[in-house]
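Student: What follows is a single structure, and I will ask about it in a moment.
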Amino acid sequence: MKFFCSVWKFFDSIFSQEEVQIMRRISIMTVICFFLASLVIQQCWAGLIDHERLNRRRGLPLSNEKAQAAKAKAAEVPEAKMELPKWITEPPVVKGSTDRKYDVNNDGKLQKSEVTILLRDVLDIVEEKGGYQVDSDMLKEYDKNRDGLLTKVEAIQIREHVR
Ligand SMILES: [Ca+2]
Ligand SMILES: [Ca+2]
């Protein structure tokens, strides 16, 4: 404080009263300008913040449209996961004669392409005869009522998976 007083006194001594008045006005104007500029910058910065993302991070509800889209997406994912057959993620081990017939590369496992051929043949037989006797472990997944027979209704899911 003493420093500023001495500075003012110094200015007083070298400038006239009028000049000091003008300088004081200029310094006050400068402070106000800085204050206004900082307000403007704050506003601009606020516009850059993604409030949707911020709300999501805080666990607050999103605006309607985005909330609905997020809900739809959340409902979609588990359904899609449930519908994925085991043979897509893990090649089934060859067990019976049917599996062996479709294990083209003889590696003891049924790769996606091999399973797809098997399932397409099963679909053909279901179309033709109205059903298919389950003769492979891999097909048990589609035999929903576990009666050992794949019906046309049960084959609908196979069609979706080999499409
Ligand atoms: Ca194979
Ligand atoms: Ca069945």
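Student: Filter the stretch 103-143 for residues that are touching a residue at least 40 places away in the same chain (Cβ under 8 Å) and outside any loop (DSSP other than H, G, I, E, B) and give the result.
Tutor: Scanning the stretch 103-143 gives Thr116, Leu119, Arg120, Asp137, Met138.
Student: Working carefully through the options Glu83, Glu52, Glu19, find the one that is touching an Asp or Glu at 6+ places or on another chain (Cβ under 9 Å), of a type outside the set (Lys, Arg), surrounded by 10 or more Cβ atoms within 10 Å (Cβ to Cβ) and modelled with pLDDT of 70 or more.
Tutor: On inspection, the qualifying residue turns out to be Glu83.
Student: May I ask you to list pairs of residues, at least six apart or on different chains, whose Cβ atoms are under 9 Å apart, with the first in the stretch 144-163 being within 16 Å of Trp87 (Cβ to Cβ) and more than 7 Å from ligand 2 (Cβ to nearest atom) and the second being part of a strand (DSSP E or B) and of a type in the set (Asp, Glu)?
Tutor: none
The values are calculated or read from the model by the stated rules, or taken from the named source; none is laboratory data. Keep in mind it's a predicted model, so treat the numbers as computed, not measured. In this analysis, Cβ positions are derived from the backbone assuming ideal geometry, glycine residues included, and neighbour counts consider all displayed protein chains.
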